[in-house]
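Just so it is clear, none of the values below were taken in a lab; they were calculated from the coordinates. Being a predicted model, the structure only gives us computed values, none of them experimental. Cβ placement follows ideal geometry from the backbone for every residue including glycine, while neighbour counts extend to all protein chains displayed.
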Amino acid sequence: MSAITNLADPMDSLQQLVIDATTEIGDAISIDQLDAIDTTLMGRGSSISEARRGLGAIKDPDERRDTGRAINDVANQIKDLVTAKRSTLVATEEAAALAADRVDVTLPGRIPPRGTHHLITQTIDEIVDIFVGLGYTMARGPEAETEFYNFTAMNIPETHPSRHESDTLYLDYGEKDGGVLLRTHTSPMQARYMEQHDPPVYVVVPGKVFRSDAVDSTHSPVFHQIEGLAVDHNITFADLKGTLATFAREFLGKDTKVKFIPHYFPFTEPSAEMHAYSNGRWIELLGCGMVNPAVFEHVGYDPSAVTGFAFGMGPERLAIIRHGITDIHGNNDLRPLLDPDQRILRQYV
Ligand code: PHE
C-alpha cells in the first residue's frame, strides 16, 4: 500500500491506494484477516486519516475541497469493497461450517440390542397361560413366609426334616406365627388363597422358593415353582389326571405319554408324581395329589362339602427338559439357566 506522502500530487497517491486496497481486500481469505486490512486502510494512522489531517495544509480552498472530496471517494470505495468482501467471506465461512456439520441421514442407525425375558420367566408365562386357558386364575404370594403357612397349615409335622435349620433359610423377624423363613415351596399359597376365597377355586401361583442347598446340576438355593390348586364339588383323581396330562401335552407335545407314580406329601392324600416320556426316557415333571382334608380344616373349608387336587412343578426343570439344556456330557444341567453370560441363554431363546 502506498502512503499518500506526496501531497503535492495527492490524486495519484489516492488512485494508487484504491488499486492496492482492491488487491489486498480481494486476497483476504478470512474475516479476521479482512478486519485487520480494514483497520490498516481506514483506521487511525492509516494513509486515509493521514491525508485528511493534511487537508488543513492546503491553502487553496478549491484544491482543498477537491482533495477532500477525492479522499472521501476513496474512503467510500474502500468501505464498499470491505463490505462486499465481508459478505462473501461470511457466506463462505457459513457454507464451510455447514459442510463440516453435515449429517449423513442415509447412514444406517445404531440398533440397540433388544432384550427378552429370561428363559425361566418365559417358561413360567407359558405354563401359566396353559392353565389360564383351562379356566384358572393366577395369584402371587410372599417369598418371606411364616412357619405357620409354610409348614403347619400344610400339615407338615414338627418332626419333618424340611423344618430343620439346615434345610430351610430362616429369617430374623421375630416369632410371629412360629417365625419367618424364605418359603421352601409355593404350597403355603394354597392355604392363603383358600382363606381369602370361597370355593370353587382354580388358581396357579408362580414364584421363587428357597432351600439351603449348594448349586449343582440339579440344585439351586433359589428356584421357582408353580403351584396349582383346584377345589370344587366332586373333584376326583380323574380330574387331576386329565388336567395334568392335558398340561403335559400342551407343553411337551400332543403325543406326550404321562404316568402317575404313588408318592407322599403331607398336604395331599393320595399323592403322586407325574412322569412324562420325553426323548426316550421317563422324567419326573411334578408332584401332585388330592388335597388333604386336614388342609381344608386349617383354612376353614368344610371337608365334607368340597374336594380338590393340588400340584407343584419346577419351571427350571421343565425348561431343561424342553430345551435340552445339558452340560458338555449331555446330562441335564440347570446351571446354564443361572449363568449371567447372555451368550449362554441366547442359545435357547
Ligand atoms: N410342594 C411340593 C414340593 O415342593 C410340591 C407339591 C405341590 C406336591 C402340591 C403336591 C401338591 O415338593
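For region 195-259 versus region 300-349, the inter-centroid distance based on Cα atoms is 11 Å. How tilted is helix 61-101 with respect to the longest principal axis of the chain? Cα atoms for both, answer in degrees (0 to 90, nearest 10). So the inclination is approximately 20 degrees. With a ≥ b ≥ c taken as the square roots of the eigenvalues of the C-alpha gyration tensor of region 113-228, please select rounded if a/c is under 1.5 and otherwise prolate if a/b is larger than b/c or oblate if it is not? Oblate.
Calculate, in whole percent, how much of the Cα-Cα pair population of region 10-100 lies beyond 16 Å. The proportion of pairs with Cα distances above 16 Å equals 57 percent. Over all pairs of different C-alpha atoms in region 55-132, the reciprocal of the mean inverse distance, the Kirkwood hydrodynamic radius, equals 20.6 Å. Distance between the 7 Å Cα→Cβ label points at Thr83 and Ala238: 10.6 nm.
Extension gain for Tyr277-Tyr348 works out to 23.4 nm (0.36 nm per residue, less the C-alpha to C-alpha distance). The distance linking region 141-181 with region 61-109 is 88 Å (Cα centroid to Cα centroid, whole angstrom).
Against the chain, whose longest principal axis comes from its Cα atoms, helix 31-42 is set at around 20 degrees. The three principal axes of the Cα atoms in the chain give end-to-end lengths of 137, 49, 38 Å, sorted in falling order.
At the listed q of 0.13, 0.15, 0.21, 0.25 Å⁻¹, the Debye profile of region 169-267, built from one uniform point per Cα, gives log10 I(q)/I(0) equal to -0.67, -0.87, -1.30, -1.36.
Around the amide H of His263, modelled in the peptide plane, lie the amide H atoms of Ser271, Ala272, Glu273, all under 5 Å away and 5 or more residues distant in sequence or on another chain. Rounded to 0.05, the FRET efficiency of the Met42 and Ile111 pair, given R0 = 45 Å and the Cβ-Cβ distance, is 0.15.
Think of each Lys and Arg Cβ as +1 and each Asp and Glu Cβ as -1; about the Cα centre, that makes the dipole of the chain roughly 620 debye. What does a probe at Thr256 reach in region 307-334, counting residues whose amide N is under 13 Å from the point 7 Å along Cα→Cβ? It comes to 313-324, nothing else.
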